[in-house]
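Take a look at the structure set out below.
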Amino acid sequence: MASKSFCKMLRDKLKNRVRKRKPAAKFVLWFLFLGFVGSGFAQSSCATFKLNGFINADSGEMILFPILDSSYYPYRFHELEASIFNGKFVFTDSIRYPYAFLLGMKLGPQLLYLSDIFFIDPCEQTIYCNKDSLREVPKLANNSMNELNNNYLTLPKCDINQDGNVNLFNYVKENPGSYVALWELINKFSYEYIPIFDSIYDKFSSAIKETHSGKMLGEKLHNARTVAVGNLFPNLLLRNQENTEESMHLTSGDYKYTLIDFWFSHCGSCIGQFTQLKSIYEANKVHGFNVVGVSIDNRENIDEWKKIINKYELPWNQYLDLNAKEADFLSIKAFPTNFLIDKDGTIVARNIDMAHLDLFLGKHL
């Protein structure tokens, strides 16, 4: 499964930096840095950070950018730039509590360094980077990193029979003002929505929930709940292949079950399932099964979207969620994502794989 906002979108955004003077980076293996994000047990009243940096390079440009959708950041924070002089660089900006960041370094158009995730406190601090160590966690001492290393990452592993989110739930219960936990929940939520996330969020202090990041997380969790199993799938504002925009209810009483498949034209795992899905569709369409494709491609990739549809001869209706506006609202971040809907529009399964879809339809049609 490809994560559009964390992997594909971040990679594309950073590659554009090389071509258009915006950040460039390699694919970020998000799962390697669980927990390496925001912290501090209480929100600081200070609103300024200063990051004094050292790197083993005489010149070049450092780029500080958010690891997530910028809506989680203050004032829609975007990347900052700082020139390297004799191995030193400085970033200064305003934040009211700890935030997670990545650092990149480029020399001319070439990206030479990309850090792992770390986080900055609203104070003066020093960071040490090694340009020869890609995806390193830079050396940085502040309250957030201390909490991460000495508290959160030292938690005992869950029992094999427990949900992997139990540790986070218990940690927030004991530390409701932890920014480490806030960003870890944001991290986990980037892949999928599961009901325990609401329980974890409820354990945060009011102060955490009233931060900009806390409010955004609360809103996104609420939106994600609207497409949880058992709920009615909402109407979406989409474009058809003739570029006509319309509000659409993607299910119909004419079909017993409909699979709504969210994908995009450069998603290998999305395209990889088309052959099996076509086979399932052809075998079950006469029994009341339908498929609806929803691409999140941007304007630049509309032609590519249409080429993929034609190349793989996809026989079901295809629609465009331009720039993933509806997908973002529903907190759909990983692709492919699918929803199996019954004739009444109720979601009966989410992210069902092709083998289980085939078994389900064989049993229920």
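Evaluate the following for F264: is it in the same structural domain as R350 (by TED's automatic domain parsing), touching an Asp or Glu at 6+ places or on another chain (Cβ under 6 Å) and of a type outside the set (S, T, Y)?
yes
Which of the strands (runs of 3 or more DSSP E) contained wholly in the range 56-105 include at least 2 residues that are at pLDDT 90 or above, charged (D, E, K, R) and surrounded by fewer than 22 Cβ atoms within 10 Å (Cβ to Cβ)?
88-94
Can you give me the ranges of the helices (runs of 4 or more DSSP H) entirely in the range 160-221 with at least 3 residues that are outside the structural domain of F101 (by TED's automatic domain parsing) and of a type in the set (S, T, N, Q)?
No helices (runs of 4 or more DSSP H) qualify here.
So, of the residues in the range 193-228 that are in contact with a strand residue (DSSP E or B) (Cβ under 9 Å, 6 or more places away or on another chain), farther than 18 Å from V180 by Cβ and surrounded by 19 or more Cβ atoms within 10 Å (Cβ to Cβ), which turns out to be modelled with the highest pLDDT?
V227
Would you confirm, using the coordinates I've provided, whether H287 is in contact (Cβ under 8 Å) with a residue 24 or more places away in the chain and either among the hydroxyl-bearing types (S, T, Y) or closer than 19 Å to E326 by Cα (or both)?
no
Just to be sure I understand the filter: pairs with C-beta atoms under 8 Å, separated by 6 or more residues or on different chains, first member in the range 72-88 and closer than 17 Å to Y128 by Cα and among the polar types (S, T, N, Q), second member exposed (fewer than 15 other Cβ atoms within 10 Å of the Cβ) and at pLDDT 90 or above. Which pairs pass?
Taking only residues 6 or more apart or on different chains, the pairs are S83/S59; N86/D58.
Is the range 280-297 home to any residue that is buried (at least 18 other Cβ atoms within 10 Å of the Cβ), touching a Leu at 6+ places or on another chain (Cβ under 7 Å), at pLDDT 95 or above and not in a strand (DSSP E or B)?
Within the range 280-297, one or more residues are buried (at least 18 other Cβ atoms within 10 Å of the Cβ), touching a Leu at 6+ places or on another chain (Cβ under 7 Å), at pLDDT 95 or above and not in a strand (DSSP E or B).
Among the residues in the range 327-336, are any of a type in the set (V, I, T), surrounded by fewer than 21 Cβ atoms within 10 Å (Cβ to Cβ) and closer than 19 Å to L250 by Cα?
For the range 327-336, residues of a type in the set (V, I, T), surrounded by fewer than 21 Cβ atoms within 10 Å (Cβ to Cβ) and closer than 19 Å to L250 by Cα: absent.
For residues that are acidic (D, E), over 24 Å from D198 (Cβ atoms) and within 25 Å of the chain's Cα centre (by Cα), tally how many sit in the range 316-365.
Qualifying residue count, the range 316-365: 2.
Taking the range 243-259, which residues are closer than 27 Å to N298 by Cα and in contact with a Ser or Thr (Cβ under 8 Å, 6 or more places away or on another chain)?
L250, T251, T258, listed by residue number.
Out of all the residues in the range 130-156, which are surrounded by 15 or more Cβ atoms within 10 Å (Cβ to Cβ), closer than 14 Å to A57 by Cα and out of contact with any Phe, Trp or Tyr (no Cβ under 7 Å at 6 or more places or on another chain)?
Listed by number, the list holds a single entry, N130.
Test L250 against the stated conditions and say whether it is modelled with pLDDT of 90 or more, in the same structural domain as A324 (by TED's automatic domain parsing) and farther than 25 Å from Y72 by Cα.
Here the answer is no, as L250 does not meet what is asked.
Please go through (1) of a type in the set (A, V, I, L, M, F, W, C); (2) touching a Pro at 6+ places or on another chain (Cβ under 7 Å); (3) closer than 23 Å to L340 by Cβ for F189 and return the number of the only condition it doesn't satisfy.
Result: F189 passes all but (2).
When the range 252-266 is examined, which residues are found to be in contact with a His (Cβ under 9 Å, 6 or more places away or on another chain) and closer than 16 Å to I309 by Cβ?
Residues satisfying the conditions do not exist here.
Give me the pairs, please: first residue somewhere in the range 323-334 and more than 15 Å from E219 (Cβ to Cβ), second residue anywhere and assigned to a helix (DSSP H, G or I), beta-carbon distance under 7 Å, and either six or more positions apart or on two chains.
That search, which allows pairs on different chains as well, returns A324/K4.
Which residues, taken from the range 333-363, are modelled with pLDDT of 90 or more and either touching an Asp or Glu at 6+ places or on another chain (Cβ under 9 Å) or closer than 15 Å to L238 by Cα (or both)?
Of everything in the range 333-363, those that are modelled with pLDDT of 90 or more and either touching an Asp or Glu at 6+ places or on another chain (Cβ under 9 Å) or closer than 15 Å to L238 by Cα (or both) turn out to be P336, T337, N338, F339, K343, V348, R350, N351.
The values are calculated or read from the model by the stated rules, or taken from the named source; none is laboratory data. As the structure is a prediction and not an experimental result, all values here were calculated from the model. All Cβ positions, glycine included, derive from the backbone under ideal geometry; neighbour counts span all protein chains shown.
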